[in-house]
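Down below is the structure, laid out as structure tokens.
The values are calculated or read from the model by the stated rules, or taken from the named source; none is laboratory data. Everything numeric here is computed off the predicted structure, so don't read it as measured data. Using ideal geometry, Cβ is built from the backbone for each residue, glycine included, and neighbour counts are taken over all protein chains shown.
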Amino acid sequence: MILTGTGDEFMMDSDPEGFALEEKDMAYWACEYAYKDGRINVSSLVNDLEIPTIGLLNGPGFHTEICLMCDITLCSEDAIIFDLHYGIGSVPGDGIHSCFIELLGVKRAAYAMFTGQAINAKTALEYGLVNEVVPRDRLIPRAYEIADYIMSFGTDRRFSGMSIRLP
């Protein structure tokens, strides 16, 4: 499965009415939404799939954990990864929080979350957040090249000149 955004950004806008339900009963939704939906269900969207996943960050955006949690992650040269929660007065505690800790380690993740660090594509590659940085116009074709390679293996596999048959 290849997962990406559209246009020049991965996700930079939010629905202005998106928090109306939560604001009616913030105590309930703080736990129900922020923990259960944001932290558990979001990661399950990617991690519970039983097929290889390729995430494409097609530009700057938040909630990039959806692509970062994929098996393979590619990004465009202008992609920027960040967590804006703390900066807007919200606790970092949803999918990006879990993803940052897993991929960056505790110290780098804390820094990125508390400072709102904008991680550019080059740094994301250095930190191990993404596997490749490619020009935007090559992003989807490159994902298909990788997907085709993965899918090219049927039940017959060859390793080091030795043929084996998998069930």
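Restricting attention to the stretch 114-124, the residues that are over 11 Å from Ile81 (Cα atoms) and buried (at least 16 other Cβ atoms within 10 Å of the Cβ) total 0.
For the stretch 79-134, a residue qualifies if it is within 22 Å of Asn58 (Cβ to Cβ), in a helix (DSSP H, G or I) and not β-branched (Val, Ile, Thr), and the qualifying residues are Gly95, Cys99, Phe100, Leu103, Leu104, Ala112, Ala121, Lys122, Ala124, Leu125, Glu126, Tyr127.
Can you tell me how many residues within the stretch 59-115 are touching a strand residue (DSSP E or B) at 6+ places or on another chain (Cβ under 7 Å) and farther than 30 Å from Glu145 by Cα? Count: 1. Among the residues that make up the stretch 70-82, is at least one of them closer than 25 Å to Gly7 by Cα, free of Cβ contacts under 8 Å to residues at least 40 places away in the same chain and in contact with an Asp or Glu (Cβ under 9 Å, 6 or more places away or on another chain)? Looking through the stretch 70-82, none of the residues is closer than 25 Å to Gly7 by Cα, free of Cβ contacts under 8 Å to residues at least 40 places away in the same chain and in contact with an Asp or Glu (Cβ under 9 Å, 6 or more places away or on another chain).
Across the stretch 53-63, the number of residues qualifying as at pLDDT below 90 and either farther than 16 Å from Ile96 by Cα or in a loop (DSSP other than H, G, I, E, B) (or both) comes to 4. Restricted to the stretch 85-114, and to residues there that are touching a helix residue (DSSP H, G or I) at 6+ places or on another chain (Cβ under 8 Å) and of a type in the set (Val, Ile, Thr), the residue that is farthest from Asp71 (Cα to Cα) is Val91.
Mind listing just one residue for me: the one in the stretch 81-101 that is among the β-branched types (Val, Ile, Thr) and surrounded by 22 or more Cβ atoms within 10 Å (Cβ to Cβ) and, of those, modelled with the highest pLDDT?
Filtering the stretch 81-101 for residues that are among the β-branched types (Val, Ile, Thr) and surrounded by 22 or more Cβ atoms within 10 Å (Cβ to Cβ), the one modelled with the highest pLDDT comes out as Ile81.
Let me spell it out: the conditions are (1) more than 30 Å from Ala143 (Cα to Cα); (2) modelled with pLDDT of 85 or more, and Leu104 meets all of them except one. Which number is the exception? It fails just one condition, (1). Just one of (1) modelled with pLDDT of 70 or more; (2) surrounded by fewer than 18 Cβ atoms within 10 Å (Cβ to Cβ); (3) in a helix (DSSP H, G or I) fails for Ile66. It is (2).
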